[in-house]
Amino acid sequence: MPAQTNVDNTEDIYDLCIIGAGISGLNALYSALHYLPQSARVLLVDRKPTSGGMWTQTYDYVRLHQPHQMFTVGDLEWLWDKPPEYLATGSEVLEHLQSCLDRMRCKVRLTERYETDCLRIEEIETTLGARAVVHLERQDGTRSKITASRAIHAAGWDVPPIKPLNITSQQIISTCPMGLSEVDIKSNSPALIIGGGKTGMDTALALMDGDNRREITLLNGKGAIFGNRDRMFPTGAKRWWQGEMVGSLSADVVGRFNGDNALSTFEHFRSRYAISPDMHGAQYMFSTMSGAESERLSQGLTSIRHGYLEDVTDGPSPVAILRDGTSFSIPRDTLVVNCTGHFAASSDKRPAVLSPMGTILHINPRASIYFLSTSASYFLTHAFFLNVLRTMPLYVLDMDSLKGKQPQFYFLTCLTHSFHNMMVFMNHLPLPVFSRCGLDINRWFPLHRRLISFARIKLRKHSYIGHSRAVLDRLHSDGSISCQQDFD
Ligand SMILES: Cc1cc2nc3c(=O)[nH]c(=O)nc-3n(C[C@H](O)[C@H](O)[C@H](O)COP(=O)(O)OP(=O)(O)OC[C@H]3O[C@@H](n4cnc5c(N)ncnc54)[C@H](O)[C@@H]3O)c2cc1C
């Protein structure tokens, strides 16, 4: 038992400290507001100069891959009347997130500290009970610490900006989405796009906008597929009868996955729910694409190759060398655009979801509860303030333990894990927590369809929980992944 400390510096005492002002941190704040009085002191900390997280520093041509309404904070609405299917641009997302924060500011006594890094959080026993001590450092090196009744480290994905690849060749231009200027986009320089995920596809579409005649090669690892947006989010009256609700899609796919059959289950998912410009691909990272976008890409891309770039070397013309030893020539002055690695970073240490004395909550992919950091923050913060977190049989997945695994297995394990935990949330959190959750992508559909889907899932939830728990337990016990009910 740690020694008791007197907390006497009232200036530095907060009811809540949230680290991270991205969409995860803002969702944590939104949920916390339901439990905190208006007089509560809340500190919001971020190392960036403003709120908004990755949306403050992403590439100009980025757009949401999903209809904008459900990319939000709690159930705060977008303050415009664009059509529901509109895919917001990066600057519109940032504006929305900042407007959400504006709307929450008056609900508590909120202090914001930007350009401030959280170095560590520890918990201490005080005469007033357990407290979190947050160690901070401003960009000028000034250090301080604050005490809070609770702290939420909502770094979420902590998405790092992409950098150009380190390439030997002097005959090409190594760049990244942030480095592409208007001139690059409008020119007809050939392009080699490295990575076929959401960023690679955005980049290909942007480069096609500039000049359709340019040569664009996509180097697409093991290949990526996308959820079929036309099927997942049908528009207009079709919402009344068409489209796949995410709950039934997950139940269908998770129900087939037994831990050993990743390839055949993935094939079922691919053929039923997915789309991609060449209909190949082993990787699904939870993004969506429409039939029209897929068609434009398959028409506009000169070629799609599979493999991983090792380097580009100089010769009579530059040569792209792949990890498997194969190579191919590319024209001089090719723009080699790095579109890889958005989610590669992770913390060195695996944090506990909940600290031993219960004052610190971590939203972190190394102790993941749900594949979307937004929903993880929203639901976990409710459970944290309701003091039920430790009683909930949630599974904690260390996403690092999936690194290097087959991409099909990666996706199916994440889906099984998230589906399991969503069922547990449904069992343990009060109904209003769900009805106030604007992040729920089922909100795309009319109420009667949502209610039918909700009722079906509720009816079968025990068998869903049993099946997914058995799969996760088995994968954990045979060492395939680290996923267990291990909060500390
Ligand atoms: C190109 C792209 C497009 C995407 N589009 C979509 C989409 O359409 N729909 C969707 O659901 N998802 C999308 N995503 C996923 C997206 O990453 C998440 O939805 C979300 O924006 C991530 O938010 P976050 O708060 O978890 O992380 P971030 O936005 O990275 O925010 C984390 C914040 O925490 C701060 N922070 C971290 N550690 C510390 C510390 N120690 N001290 C101080 N501050 C700290 C960081 O500075 C950062 O501001 C997209 C991702 C990318 C890369």
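The values are calculated or read from the model by the stated rules, or taken from the named source; none is laboratory data. Because the structure is predicted, anything quoted here is derived from the model rather than measured. Neighbour counts run over all protein chains shown; Cβ positions are idealised from the backbone, glycine included. In case anyone asks, the SASA skips ligands and DNA or RNA and just uses the protein heavy atoms, side chains included. Shrake-Rupley method; radii C 1.70, N 1.55, O 1.52, S 1.80 Å.
Quick notes on this one:
- The average projected area of segment 407-469, computed from the convex hull of its Cα atoms over all directions, is 4.9 nm².
- Among the protein heavy atoms of segment 343-437, carbon and sulfur supply 59% of the accessible surface, probe 1.4 Å, non-protein parts ignored.
- Inter-site label distance for Arg390 and Ser463 at 7 Å from Cα along Cβ, in nm: 3.6 nm
- The fraction of all Cα pairs in segment 199-268 landing in successive 10 Å bins from 0 to the largest distance is 15, 29, 31, 22, 4, given as whole percents.
- Sequence-separation-based contact order of segment 371-488, relative, with Cα cut under 8 Å and 6+ spacing, percent: 43 percent
- The heavy atoms of Leu322 offer some 10 square angstrom of accessible surface to a 1.4 angstrom probe.
- Value of D in µm² per second that Stokes-Einstein yields for the chain, Kirkwood Rh from Cα pairs, at 4 °C (1.567 mPa s): 54 µm²/s
- Here the convex hull built on the C-alpha positions of segment 347-488 has a volume of 117 cubic angstrom per residue.
- Short-range pairs are left out: with C-alpha atoms under 8 Å and at least six residues apart, the relative contact order of the chain is 19 percent.
- Accessible area in the full protein assembly, largest first, 1.4 Å probe, for Asp202, Asp158: Asp158, Asp202
- Within the chain, percent of DSSP bridges classed antiparallel, to nearest 5: 45 percent
- Chain lengthening between Leu205 and Leu128 when straightened (0.36 nm per residue, less Cα-Cα): 22.0 nm
- The ellipsoid equivalent to the alpha-carbon distribution of segment 127-232 has semi-axes of 43, 21, 12 angstrom, derived from the gyration tensor eigenvalues as √(5λ) and listed largest first.
- Rounded to the nearest Hz, the phi-derived 3J(HN,Hα) couplings of segment 242-249 under the Karplus curve 6.51 cos²θ - 1.76 cosθ + 1.60 (θ = phi - 60°) are 9, x, 10, 7, 4, x, 6, 4, where x marks glycine and proline.
- If you plug the beta carbon distance of Asp478 and Asn261 into 1/(1 + (r/R0)^6) with R0 = 25 Å, you get a FRET efficiency near 0.95.
- P(r) of segment 173-338 over all Cα-Cα pairs, binned every 10 Å from zero, in whole percent: 10, 34, 31, 18, 7, 1
- Alpha-carbon Debye profile of segment 3-142, log10 I(q)/I(0) at 0.18, 0.21 Å⁻¹: -1.06, -1.30
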